[in-house]
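Peer 1: A single structure is presented below for examination.
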Amino acid sequence: MVDDFSALIDDDDDTNQPPVRKIPPTQAGTPPARTGGIIQQAEPGEAEWEPPQDEKKEIQEPPKPESVAEVRTPGKRDEPRIKLGIEGLDEMLGGGLVKNSVTGIIGTYGTGKTTFAINFIFEGLKQGETCILISLDERAEMLKESIRRRGYDLDAYLDKTFFLIKLDPTDFTLAVNSIKNEIPDLIRETKASRVVIDPISLFEGLLPDEASRRLEMFRFVERMRDEECTFVMTSETDTQIPYASKYGLVEYLVDCVVLLRYVRTSDLSGTHLAVEVVKMRRSQHSREIKPYEIQPDDVVVYSEASVF
Ligand SMILES: Nc1ncnc2c1ncn2[C@@H]1O[C@H](COP(=O)(O)OP(=O)(O)OP(=O)(O)O)[C@@H](O)[C@H]1O
Ligand SMILES: [Mg+2]
């Protein structure tokens, strides 16, 4: 079945705040302290955090649950997480995307939807996962070039654990059939654990009317939910409403919505990019709006800064 695709493949508990833990002063390779968080670096000579005696005892003799599954109740914060690969955003998401969930990255033109999607894919590849990127809008060669320019070793993964599928949105039958039927088969056969469609709005636009868009999108997202993969779809925004997806469906169907947008400075002298986690089913997440920058080889979310 994979061969069938050869033509497509172009080339913490919030109620009990824990004590502040002091880790040793900065050394080479030690990440900087996250001020305002739970962990802070000790000043040179300052004592490191030590659990009180009774806490130590508790650690030595934990209560024994009958099974791990009982402890990891769905809906709790300890659901397995998949890192998006953008540090500040993973923090805003409470550690990353929930494993095997469906996420929509919504943003207007040039806000970085494709860049965020590429980061998500390469984070997986670095972890040894198999990943699929289905692109509907960028020419495959341009996309490959853009991936290489961001410093990723594309050739080490391409057609091995990374499958780049370029669909031509003007070929309605091929594109719609591929997305509806063949992509789920490919996911199963390659055992891909991360899948991206960039952007899903072009697929939605192929469908003739609102009723069929609603039905097909619902069916497609439900089908993706059945797969053992974490799925990200990007979407353009509505032309009038910069915080809504183009057809107003994605945000209702997916488990998690990440919104990318431009924010003008109050003196109108410039524009900043800002990211927000609008929704995350069964999970706690940040509701703050944080500035980010797309740099030549990285995306940096300034989780300590504020856009207003
Ligand atoms: N290598 C790079 N160096 C610096 N900035 C970059 C680089 N690549 C992309 N950008 C910035 O990211 C922006 C576009 O990123 P991207 O293509 O990911 O956005 P997008 O939301 O997918 O856009 P579109 O809606 O057109 O598909 C560019 O306008 C540019 O500002
Ligand atoms: Mg794009």
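Laboratory data are not the source of any read-out in this text; all were calculated from the coordinates shown. Note that the coordinates shown come from a computational prediction; the quantities given were computed from them, not determined experimentally. All Cβ positions, even for glycine, are placed from backbone atoms using ideal geometry, and neighbour counts span all protein chains on display.
Peer 1: Could you work out how much longer the chain between THR170 and ARG287 gets when fully extended? Use 0.36 nm per residue separation minus the Cα distance between them, nm to one decimal.
Peer 2: Gain on extension, THR170 to ARG287, equals 38.3 nm.
Peer 1: Which pairs, out of LYS144/LYS180; LYS160/LYS191; LYS144/LYS246; LYS180/LYS279, put more than 23 Å between their alpha-carbon atoms?
Peer 2: Where the Cα-Cα span goes over 23 Å, the pairs concerned are LYS144/LYS180; LYS144/LYS246; LYS180/LYS279.
Peer 1: For LYS99, enumerate residues with amide H under 5 Å from its amide H, sequence gap 5+ or separate chain, H modeled in the peptide plane.
Peer 2: ARG81, ILE82
Peer 1: Using a basic spin-label model with each label point 7 Å from the Cα along Cα→Cβ, how many nm lie between ASP238 and VAL278?
Peer 2: Label-label distance for ASP238 and VAL278, simple model: 0.9 nm.
Peer 1: For the pair LEU158/TYR109, report the inter-label distance in nm, with labels modelled 7 Å from Cα in the Cβ direction.
Peer 2: 2.8
Peer 1: Rounded to the nearest 0.05, what FRET efficiency do GLU145 and ARG188 give with R0 = 30 Å and r taken as the Cβ-Cβ distance? Could you check?
Peer 2: Rounded to the nearest 0.05, the efficiency is 0.50.
Peer 1: In whole angstrom, how far apart do the alpha carbon centroids of segment 154-190 and segment 87-104 sit?
Peer 2: Their Cα centres are 24 Å away from one another.
Peer 1: Would you kindly calculate the translational diffusion coefficient of segment 256-308, applying Stokes-Einstein with the Kirkwood radius from alpha carbon pairs, for 37 °C and a viscosity of 0.692 mPa s, and quote it in µm² s⁻¹ without decimals?
Peer 2: 272
Peer 1: If I model a spin label at TYR262 and VAL300 as a point 7 Å from the Cα along the Cα→Cβ vector, what separation in nanometres do I get?
Peer 2: So the label points at TYR262 and VAL300 sit 2.2 nm apart.
Peer 1: Something else: Obtain the radius of gyration and the Kirkwood radius of segment 81-301 from its C-alpha atoms and give Rg over Rh.
Peer 2: With Rh from the inverse mean 1/r over Cα pairs, Rg/Rh is 0.94.
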